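Following: one structure in structure tokens, then a few remarks.
Bear in mind these aren't lab numbers, they're just calculated from the coordinates by the rules spelled out. As the structure is a computational prediction, the values presented were derived from the model and not from experiment. Counting neighbours? That spans all protein chains shown, and the Cβs are built from the backbone with ideal geometry, glycine included.
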Amino acid sequence: MGVFDSGVGGLSVYRWIKELLPHERVIYLADTARLPYGLKPQAVVREFVIQIVGFLVDLGAKAVVIACNTATAAGLEAASGRFSIPLVGMIGPGAREAVRATRNRRVGLLATEGTVRSGAYQRAIRQLDPEVEVFARGCTPFTTLVEEGRTEGPEAEEVVREQLAWFADKDIDTAILGCTHYAFLRSVISRVLGPSVTLVDPGRAVAEELAQLLRSQDLLNRGCETAPEDAFYTSGSPRRLQEMVQLLLGLPAPSVGQVSWPG
Ligand code: DGL
């Protein structure tokens, strides 16, 4: 199946998919040349989504996970109308997890500007429970930290502290890691928000939804004894993606193909 993100953030979803569906072959695409999606207009990101899903379908993907909240908000609906294979996005599963986790019905959303402005999480949560209040904050610098591999240490902690100071008087008991990059900052974010705030990483719920979809449509890969070899592509530097797979996932460097978009 295909999995994509604007960069390495989607690797946080990839690792859940590998855990729950070890026999499935994944084609991962990092659209690093066009990162960040979070600061681009929705219509532009929507076109990226259509283009990338098409690219993954051409490579034989039987399902696609949009492992990027910004791309899900901008393009899941449009892509679902265009392609017949199952598509899974981040926001539905993330909203469900957050509503399940909150006790005081005050939920923080840490996401890109694009996701916050789209109102997609706010709408999804309201539909599940209209009493839940969402406090949304764009945390753009987090994406840069992760892309640069700075997921720990005093510098990361200072940036996270600065960005999350806004939540200090919001009395949230749950916070959604509403950008797949932020999952790699989980321990710093957790330290900054403190033990009274439950962090929701939608990645696991997304992998569960994917597993269920594949099962219900009889698309699961059966009878595969050894783990299949995944394929990695990037529109940025293949060397850099290799390094990031090693750094963020602790896996041996995979071979990475280069993608260049027309125009
Ligand atoms: N990882 C992407 C997300 O989940 C966002 C990063 C970006 O701005 O490109 O929203």
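Taking the square roots of 5 times each eigenvalue of the Cα gyration tensor of the range 74-185, largest first, gives ellipsoid semi-axes of 25, 20, 11 Å. Between Pro141, Pro154, Pro22, the Gaussian network model of the chain with springs among Cα atoms under 10 angstrom shows the greatest mean-square fluctuation at Pro154. Between the residues Val146, Leu177, Val99, the greatest Cα displacement towards the positive end of the dipole of the chain, with unit charges on the Cβ of Lys, Arg, Asp and Glu, is found for Val99. Taking Lys and Arg as +1 and Asp and Glu as -1, the other residues whose beta-carbon sits under 15 Å from that of Glu162 total +1. The residues packed around Tyr28, meaning those with a beta-carbon under 9 Å from its beta-carbon, carry a net charge of -2 if Lys and Arg are +1 and Asp and Glu are -1. Its Cα gyration tensor gives the range 88-145 an equivalent ellipsoid; the semi-axes, largest first and in whole Å, are 20, 12, 10.
For the range 107-257, the ratio of Cα radius of gyration to the globular rule of thumb 2.2 N^0.38 Å stands at 1.21.
When Arg137, Arg215, Arg150 are arranged by Cβ crowding within 10 Å, least crowded first, meaning fewest neighbours, the order is Arg215, Arg150, Arg137. The Cβ shell under 11 Å around Gly149 holds other residues with a net charge of -2, Lys and Arg each +1, Asp and Glu each -1. Note on the chain: helix-only mean residue ellipticity at 222 nm, from DSSP H runs of 4+ residues weighted -39500 (n - 2.57) and normalised by residue number, equals -13500 deg cm²/dmol. Remark on the range 4-123: ratio of C-alpha radius of gyration to 2.2 N^0.38 Å is 1.06.
At 20 °C and 1.002 mPa s, grab the translational diffusion coefficient of the range 191-263 from Stokes-Einstein with a Kirkwood Rh over Cα pairs, rounded to a whole number in µm² per second. Answer, rounded: 134 µm²/s. For the chain, the Kirkwood hydrodynamic radius from C-alpha pairs, put into Stokes-Einstein at 10 °C and a viscosity of 1.306 mPa s, yields a diffusion coefficient of 86 µm² per second. Percent of Cα pairs in the range 17-66 per distance bin of 10 Å, from zero to the largest separation: 21, 47, 27, 5.
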